[in-house]
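Just below is one structure, and these are the notes that go with it.
Laboratory data are not the source of any read-out in this text; all were calculated from the coordinates shown. In this text, all values refer to a predicted model and were calculated from it rather than measured experimentally. Because the Cβ atoms are built from the backbone with ideal geometry, glycine has one as well, and the counts that use them run over all protein chains shown.
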Amino acid sequence: MEAETHNDTHPIPNYMAIFWWLLGLTILEIAWAIIPHHSELILASGIVGLAIIKAVLVALYFMHLKFERKTLGILFASTLILGCILVSVGIAELVLPRP
Amino acid sequence: MEHAAAAITFDPHAEEDRTSTGIPHDKMGMWVFLCSEVMFFTGLIGSYIVLRFGSTWPRPMDTLNIWLTAANTFILICSSVTMVKALEWIQRGNIAKSKLFMCLTLLGGSIFLGVQVYEYRHLLHEGFTPSKSLFGSTFYTMTGFHGFHVFCGVVCIAWCTGKLFLGKYTPEHHLGIETLGLYWHFVDLVWILLFAIVYLI
């Protein structure tokens with residue numbers, strides 16, 4: 001078997017279903033942004049939450065992470081964890097009281 | 001010096017030259033590259049969050065055209081779907097449909113870039129320049145870097161589409177399309193996050 005040969009053993013996902021989910025979540029996201037909210041935290045957490053769901057759908061189904069070897073998932077997840085640490089440190093600097 | 005005398009051969013198509021993980025080199029290389037891109041964009045997004053919530057910030061909706069960008073987001077999501085359909089059809093052995101979907105992906109990426117250029121021109125004309133405010137600086141930095149990634153993606157899609165039309169890809173050999181697809185979906189994924197963070201919050 002040549003290196004370029006691709007033998008996908010995983011089932012082909014229903015891409016159109018993912019598309020409709022992405023479209024629906026985008027509409028929901030915009031609606032959430034337009035609706036007035038009492039606090040900026042509620043607005044931000046709702047929008048970021050929906051965006052993360054959409055990003056996960058793209059990674060799992062369009063990038064086939066759900067069907068790939070675990071090695072790739074671990075590789076990708078490790079950078080995401082590092083990224084989360086980076087962002088958390090930045091937010092902590094804003095939130096935590098300074099000495 | 002017996003080791004030096006031994007001939008080192010490299011056959012890119014040999015099974016044993018795949019990585020020890022069993023993933024082709026090209027694909028693994030793209031994933032490693034995407035991991036570095038995650039860190040790049042995390043740095044940008046992290047900086048934006050710190051600046052955004054650490055100072056007074058205008059409401060993005062008052063400056064930016066949300067509806068135009070929402071339509072552009074829709075186009076990019078559509079191009080991601082057409083990219084994955086191009087891969088699906090070449091895997092199924094239908095080259096003609098794969099060509100059609102690759103062309104649609106190219107069209108979607110080009111429209112996205114065109115709309116972004118239009119948006120920039122409009123905003124600059126309105127006086128919203130990178131030097132106007134912190135919001136302006138961060139907005140143009142983040143969307144500009146993403147736009148550059150889209151531009152690179154469009155160039156690569158055009159290249160791969162050309163190769164597809166020349167018959168360089170077959171149902172058995174199409175790793176180039178799959179690897180490019182990974183990059184394109186990543187660009188889409190980043191935009192999903194940028195649209196939410198920069199435009200909606």
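The magnitude of the dipole of the protein assembly as shown, with charges of +1 and -1 set on the Cβ of Lys/Arg and Asp/Glu and taken from the Cα centre, is near 760 debye.
Cα centroids of the stretch B:160-201 and the stretch B:29-55: 20 Å apart. Listing B:Ser20, B:Ser80 from fewest to most neighbouring C-beta atoms within 10 Å gives B:Ser20, B:Ser80.
Of the chymotrypsin sites (Phe, Trp or Tyr not before Pro) found in the stretch A:35-99, those that fall in a DSSP loop while having at most 15 other beta-carbon atoms within 10 Å are A:Phe67. Taking other C-beta atoms within 10 Å as the exposure proxy, A:Met63, B:Met30 rank B:Met30, A:Met63 from fewest upward. Remark: the stretch A:78-85, residue by residue, has Karplus-estimated 3J(HN,Hα) of 4, 6, 5, 5, 4, x, 4, 4 Hz, where x stands for each Gly or Pro and the curve is 6.51 cos²θ - 1.76 cosθ + 1.60 at θ = phi - 60°.
Rank the residues B:Met83, A:Met16, B:Met39 as a footprinting-exposure proxy: fewest other Cβ atoms within 10 Å of their Cβ go first. The fewest-first ordering by Cβ neighbours comes to A:Met16, B:Met39, B:Met83. Site pair A:Val95 and B:Phe148 shows an inter-label distance of 3.2 nm when each label is modelled 7 Å from Cα along Cα→Cβ. Across peptide A:41-47, the average count of Cβ atoms from other chains found within 10 Å of a residue's Cβ is 3.
Residue-wise HN-Hα couplings along the stretch B:31-46, as the Karplus relation 6.51 cos²θ - 1.76 cosθ + 1.60 with θ = phi - 60° gives them from phi, are 5, 5, 4, 5, 5, 5, 5, 4, 5, 4, 6, 5, x, 5, 5, x Hz; Gly and Pro carry x. In terms of overall dimensions, the C-alpha atoms belonging to the protein assembly as shown reach 67, 49, 34 Å along their principal axes, ordered largest to smallest.
A straight line joining the Cα centroids of the stretch B:72-98 and the stretch A:31-79 runs 22 Å.
Across peptide B:52-58, the average count of Cβ atoms from other chains found within 10 Å of a residue's Cβ is 2. Under 5 Å from the amide H of B:His173 lies no amide H of any residue 5 or more positions distant or on a separate chain, with H modelled from the backbone and absent for Pro and chain starts.
Size descriptors for the stretch B:27-200: radius of gyration and Dmax over Cα atoms are 17.7, 56 Å.
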